[in-house]
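Notes for the one structure printed next.
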Amino acid sequence: MELLDLLEQLEDVVESGVNLPLSGGRCIIDREAVLDLVQEMRLKLPDDIKEANRITEEKMRILSEAQQEAESIVANAESRIAALVDENEITKKAYEQAEIIIANTKKNAREIRLGTKEYADGILEQVSQILEETLDVIEMNRQELK
């Protein structure tokens, strides 16, 4: 991710600063380099936000497909049940099989939903952490500039 590269470059600029004697850890850094990196980070943040939105849209698409698949399987199970109503034994077996199919479908749909939500949440958490770290670095740099 480019934002992480920019953060590393910013860290390099800060680490390469010249320490001032008797200043309690203050140092001289290349102000232009820091400001350039901060500007680049500002430009990259919208890309990260777009990526988070894309991931959210992908999650919604996957959930929608899972719901459609579940509905299709349930509809197929119901039509199979209706076709097997002719004979008592066949009807009994059809009901048992339909219940198994419906239970499996619901279980699969639930697992797909949970997996998708966990995946999207993990990605959004990563983006959130990156954004927080970036804001922390920016705030720290602003404080140092003051």
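The values are calculated or read from the model by the stated rules, or taken from the named source; none is laboratory data. Here the structure is a predicted model, which means the values were calculated and not measured. Cβ coordinates were reconstructed from backbone atoms using ideal geometry, including for glycine residues, and neighbour counts include every protein chain displayed.
Below is a table of values for the structure above.
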{"read-out": "Residue identified as touching a residue at least 60 places away in the same chain (Cβ under 8 Å), of a type outside the set (D, E) and not in a loop (DSSP other than H, G, I, E, B) among A75, A52, A66", "value": "A52"}
{"read-out": "Criterion (surrounded by 12 or more Cβ atoms within 10 Å (Cβ to Cβ), modelled with pLDDT under 85 and under 24 Å from L7 (Cα atoms)) met by exactly one of A33, A52, A94", "value": "A52"}
{"read-out": "Pair list, Cβ < 6 Å and 6+ apart or interchain, from region 115-135 residues that are in a helix (DSSP H, G or I) to residues that are of a type in the set (V, I, T)", "value": "T116/I62; A120/I55; I123/I55"}
{"read-out": "Cross-chain or 6+ apart pairs with Cβ under 6 Å, region 1-30 first and within 23 Å of T134 (Cβ to Cβ) and at pLDDT below 85, then assigned to a helix (DSSP H, G or I) and of a type in the set (K, R)", "value": "E2/K44; L3/K44"}
{"read-out": "Test: residue in region 57-65 that is surrounded by 13 or more Cβ atoms within 10 Å (Cβ to Cβ), polar (S, T, N, Q) and either over 22 Å from I138 (Cα atoms) or in contact with an Asp or Glu (Cβ under 7 Å, 6 or more places away or on another chain) (or both)", "value": "no"}
